[in-house]
Number of protein chains: 2
Amino acid sequence: MTDFDKFFKPESIVLLGASSDPRKWGWQILSNILHGGFKGRVYPINPVRDEILGYKVYKSVADVPEAPDLAIIVVPTTSIVTAVRDCTARGIKAAVVITAGFAEIGEKGVSLQEEMVRVAREGGLRLIGPNCFGIVSPASRLYAQMPPIYPPLGSIAVVSQSGNVGSTIGRRAMAINFGLSRLISTGNEADLHVEDFLVDLGRDSQTKVVLSYIEGFKDGRAFFRAAKEVSRHKPIVMIKVGETEAGASAARSHTASLSGSPRVFDGICRQAGVIRAGNIRELMNIGYGFLTNPLPRGKRVGIVTLGGGWGVLAADACARLGLEVVRLSDEVIRELDKLLPGWWSKSNPVDMVGGSIISDNILRVVEVLAKYDQIDSVISLGMPLPDLSNLPRLVMGEDKENGRKQILDHYRKVFGRVGELKVKYGKPIVVAADIFMPRNFVEELDIMCAVTDVGQVFYNQPHEAATVVNALAAYAEYTRRR
Amino acid sequence: MTDFDKFFKPESIVLLGASSDPRKWGWQILSNILHGGFKGRVYPINPVRDEILGYKVYKSVADVPEAPDLAIIVVPTTSIVTAVRDCTARGIKAAVVITAGFAEIGEKGVSLQEEMVRVAREGGLRLIGPNCFGIVSPASRLYAQMPPIYPPLGSIAVVSQSGNVGSTIGRRAMAINFGLSRLISTGNEADLHVEDFLVDLGRDSQTKVVLSYIEGFKDGRAFFRAAKEVSRHKPIVMIKVGETEAGASAARSHTASLSGSPRVFDGICRQAGVIRAGNIRELMNIGYGFLTNPLPRGKRVGIVTLGGGWGVLAADACARLGLEVVRLSDEVIRELDKLLPGWWSKSNPVDMVGGSIISDNILRVVEVLAKYDQIDSVISLGMPLPDLSNLPRLVMGEDKENGRKQILDHYRKVFGRVGELKVKYGKPIVVAADIFMPRNFVEELDIMCAVTDVGQVFYNQPHEAATVVNALAAYAEYTRRR
């Protein structure tokens, strides 16, 4: 068992600071370990309780009947050094320190943090944290974190210097049925740094894409080397904050991070192939995009839209990002003429002007564009709608259950065909669609989940599709250059 | 009855091009008029049918027993001039032309469009469209548009040169229970232009905010005059597309719009007080922000957050937009010390470091910031969570109905208090919160609806809150300058 296996595939866990008070982290984390269904052995430590949440409680780490693989530590700062020493004395090699109040609060906290790391290193104990939310490893059904979220197993790893950004990602991924391979809140990174986790995730076969939120690097060179190595095989998508004075100052008081120069970070991204995202939603959108699309050969985009406005928004967004909205050849226009009403746009974006929105015509147009040599990626704004004749009745609440099933089946089928076209032509097909149904009928989330069932996703706005295509194209270009 | 009353408060409608085929717009629009619950008289015209969707059908406009207030026209382009002539002959003064295939398809379409307008004007008939999605006027329960969406009555008016962008807004507003005063798809604007609707909306007492999607102006000066007049009393928030060559070209083939120079439009916005939005979500976010907040006195922002990462993201976003993340005085820090654990950030953003997230402490911190003279707007990242001890059980699906009610009541109460603080201190309090529950328990949409019940909204990401505060501050500054 490597150090990282002890963190992410432990067979036994000790929780220092277990509490019987549901308002305390020491209760919430135990509750999440329990409800998450962790299959290994769990040893809560509490000096005065015999039992919490059905677990037998131990007075001290020394009393636990084995040397556990992993310690989770939530004791107050005043007891932290003792707790770490108890762990090393019991032969524990991996610990997650949730407790806050270290380097992020200034000088006094810095020395306490240094003392804790010194004691841990002397005893051969590696640390995640302090000042973190904990870790999630769905393959082991390990949900050792503060918020009650239990994302299923998937291929996205999340490494976040912010616990709440990490849990936002976990919660939202879970909501649309998208799984995670790991969720790591790294906190102050007193011992293990973001780059250590990157290296490990580079080797982890379950992980296909790494999403990361970063406030600053403890060791910029080590991060650069790690990122460059990992991005040979898997994309790293990253939010880097603290690029304004206000943001940098907030990052300092949050995780004691020094944000560093935005220009240096730009250079790291360019040379190490890190893809940047501006916000949490964009980060996740790009991550899903990598998981569900082949890489494009270049920056040339074909757009098809069920309505003009979305097409214009997408064209503007593509052009701003540096993607090329290609001019269609006469040959392609002739092929599209066969599918579309006489008054279609005859140009890219291909505007279907609300015509034949029920039939699968838009999928045929997508295929014409995907087949075309001059196009590297297709953006489809809209998908065939379900049979409209029923819709008003369904929207008004009649025959709801049947209608719900009919619509979800429809979208599963339609997106399944999108997936087939991606494979057939080896090109990304990125869908943004407005299939948000009125809430008394069927929810957007239901449709999103139906679509993730068949390994696909869609976005809610035209510019989001453009951003995803741009990220795919940037990463493809980076890997070609190497 | 003014011309605009005939469009938006008609007592009778004639539909030219009514169809019994659910795949045709002539069926879909009739179906929406029916299911929307329009209370006036409806006269579908079709030469071969006697009845459609329960309505008595007439052979021609001449056969209709009265001169209807409004005509909706969906006949093919080949019959359009005859249809318009039939309307003028019957004394009709207002018509919405849904039919596409005019100026947007080139020269031939341009002359047809001109001919149609000439005939209409000779007969005193005003036109919306052609090439539009129709209109919605909830006060009259008039849903004369293509997509099956029925937003309730509210205070947001939407004027869109794109039908599908307009319907996206309608659909999403409806999903979270936010009403519209009007939804107008203006299409090619052969007769009535966006500025004509603006002037009317400026007078409409139901409308408090105008949202608009624009590809280009037929008459830039008239738009400028109209916008300047309306923005004295109500904010206009606008997406202007076609600012790249690819986007401008797409706009031309969509609604025959000439996008014009981005610099000229920037000048119009500055001088006429138009607030710009970059995408549909931002447009709606800002619109909700105006409806649910007083205007701030300046650009100084106080941020409170349940977790550090969201705080850093918000601080970065505020600083980039030119908002000032103010330094807290010693006095305010002392007041906050009383509420927060010892290790809190002692700075702005006020980071509650996951402490007391269940109690209403965050609302107390919001109040301390709102009370403070040096702060013009408060951004609250997070709200008190419902009792966490139940959450894991609820999340896992036990006692779901009770839990659902408990959580919705909780958020109604919490956001009700936010509303009271806004009134008490006369300052915007903009909330972004991650209260997205796992889908097998209770949906984000449910919570959003519960919150709109009490006249409040919240956003999903920290930078969205910053964007809203910035829009409020910009409009406030504009109105002060005038």
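The values are calculated or read from the model by the stated rules, or taken from the named source; none is laboratory data. What you are looking at is a predicted structure, and each value in this text was computed from that prediction instead of being measured. Neighbour counts run over all protein chains shown; Cβ positions are idealised from the backbone, glycine included.
Among the residues making up the range B:291-312, those that are more than 16 Å from B:Val350 (Cα to Cα) and either assigned to a helix (DSSP H, G or I) or at pLDDT below 95 (or both) are B:Leu291, B:Thr292. Only one of the listed residues (A:Ala18, A:Ala103) is under 28 Å from B:Gly342 (Cα atoms), more than 14 Å from chain B (Cβ to nearest Cβ), among the aliphatic types (A, V, I, L, M) and in contact (Cβ under 8 Å) with a residue 24 or more places away in the chain. That residue is A:Ala18. Among the residues of the range A:210-244, which ones are farther than 16 Å from A:Val199 by Cβ, over 14 Å from the mean Cα position of the chain (by Cα) and in contact (Cβ under 8 Å) with a residue 40 or more places away in the chain? A:Glu215, A:Gly216, listed by residue number. Among the residues examined, B:Val61 qualifies as touching an Asp or Glu at 6+ places or on another chain (Cβ under 8 Å), closer than 23 Å to B:Val42 by Cβ, crowded, with 21+ Cβ neighbours inside 10 Å and touching a residue at least 40 places away in the same chain (Cβ under 8 Å).
The residues of the range B:81-111 that are at pLDDT below 95 and either of a type outside the set (A, V, I, L, M, F, W, C) or surrounded by fewer than 24 Cβ atoms within 10 Å (Cβ to Cβ) (or both), listed by number, are B:Thr99, B:Gly101, B:Ala103, B:Glu104, B:Ile105, B:Gly106, B:Glu107, B:Lys108, B:Gly109, B:Val110, B:Ser111. Filtered by the rule that a residue be acidic (Asp, Glu) and within 13 Å of another protein chain (Cβ to nearest Cβ), the range B:252-295 gives a lone residue, B:Glu282.
Would you be able to say whether some residue in the range A:132-140 is modelled with pLDDT under 95 and within 17 Å of A:Leu70 (Cα to Cα)? Checked the range A:132-140: at least one residue is modelled with pLDDT under 95 and within 17 Å of A:Leu70 (Cα to Cα).
Residues that are touching a residue at least 60 places away in the same chain (Cβ under 8 Å) and hydrophobic (A, V, I, L, M, F, W, C) were ranked within the range A:118-135; the one that is surrounded by the most Cβ atoms within 10 Å (Cβ to Cβ) is A:Ile128. For the range B:64-78, filtering for residues that are surrounded by fewer than 16 Cβ atoms within 10 Å (Cβ to Cβ) and closer than 16 Å to B:Val117 by Cβ leaves 0. Whether any residue in the range B:313-334 is surrounded by 18 or more Cβ atoms within 10 Å (Cβ to Cβ), at pLDDT 95 or above, touching a Gly at 6+ places or on another chain (Cβ under 9 Å) and assigned to a loop (DSSP other than H, G, I, E, B) is what I want to check. Yes, there is a match, as at least one residue in the range B:313-334 is surrounded by 18 or more Cβ atoms within 10 Å (Cβ to Cβ), at pLDDT 95 or above, touching a Gly at 6+ places or on another chain (Cβ under 9 Å) and assigned to a loop (DSSP other than H, G, I, E, B). With respect to the conditions (1) farther than 16 Å from A:Tyr288 by Cβ; (2) within 9 Å of chain B (Cβ to nearest Cβ); (3) crowded, with 24+ Cβ neighbours inside 10 Å, A:Ile239 lacks only one, and its number is (1). Exactly one residue out of A:Gly37, A:Gly54, A:Gly26 is crowded, with 20+ Cβ neighbours inside 10 Å, closer than 24 Å to B:Glu398 by Cβ and either of a type in the set (Gly, Ala, Ser) or in contact with a Cys (Cβ under 8 Å, 6 or more places away or on another chain) (or both): that is A:Gly26. Being of a type in the set (Phe, Trp, Tyr), part of a loop (DSSP other than H, G, I, E, B) and surrounded by fewer than 23 Cβ atoms within 10 Å (Cβ to Cβ), is that true of even one residue in the range B:3-22? Checking the range B:3-22: not a single residue is of a type in the set (Phe, Trp, Tyr), part of a loop (DSSP other than H, G, I, E, B) and surrounded by fewer than 23 Cβ atoms within 10 Å (Cβ to Cβ). When the residues of the range B:122-175 are filtered to those that are touching a Lys or Arg at 6+ places or on another chain (Cβ under 9 Å) and facing chain A (nearest Cβ under 8 Å), which remaining residue is nearest to B:Gly36 (Cα to Cα)? This residue is B:Tyr150. Residues in the range B:194-241 that are assigned to a loop (DSSP other than H, G, I, E, B) and more than 23 Å from B:Gly134 (Cα to Cα) were compared, and the one that is modelled with the lowest pLDDT is B:His233. Criterion applied to B:Ile375, B:Ile379 was being more than 11 Å from every other protein chain (Cβ to nearest Cβ), assigned to a loop (DSSP other than H, G, I, E, B), at pLDDT 95 or above and surrounded by 23 or more Cβ atoms within 10 Å (Cβ to Cβ), and the one residue passing it is B:Ile375.
Look at the range A:309-329: where a residue is free of Cβ contacts under 8 Å to residues at least 24 places away in the same chain and assigned by TED's automatic domain parsing to the domain that holds A:Val468 and a partner is of a type in the set (S, T, N, Q) and in a helix (DSSP H, G or I), sitting 6+ places away or on another chain with Cβ atoms under 9 Å, you get A:Gly309/B:Asn164; A:Gly309/B:Thr168; A:Gly309/B:Thr255.
For the range B:95-149, the tally of residues that are assigned to a helix (DSSP H, G or I) and under 30 Å from the mean Cα position of the chain (by Cα) stands at 8.
When B:Gly287 is tested against (1) surrounded by 23 or more Cβ atoms within 10 Å (Cβ to Cβ); (2) in a loop (DSSP other than H, G, I, E, B); (3) at pLDDT 90 or above; (4) not charged (D, E, K, R), just one condition goes unmet, and that condition is (2). Before we move on, is A:Asp399 at pLDDT below 80, more than 12 Å from every other protein chain (Cβ to nearest Cβ) and more than 28 Å from the chain's Cα centre (by Cα)? Yes; evaluated as a whole, the condition is true for this residue. Once the range A:347-363 is narrowed to residues that are part of a loop (DSSP other than H, G, I, E, B) and at pLDDT 90 or above, the residue that is farthest from the chain's Cα centre (by Cα) is A:Ser347. Hey, any hits in the range B:430-447 for a residue that's away from chain A (no Cβ under 14 Å), among the hydrophobic types (A, V, I, L, M, F, W, C) and crowded, with 21+ Cβ neighbours inside 10 Å? Yes: the range B:430-447 contains one or more residues that are away from chain A (no Cβ under 14 Å), among the hydrophobic types (A, V, I, L, M, F, W, C) and crowded, with 21+ Cβ neighbours inside 10 Å.
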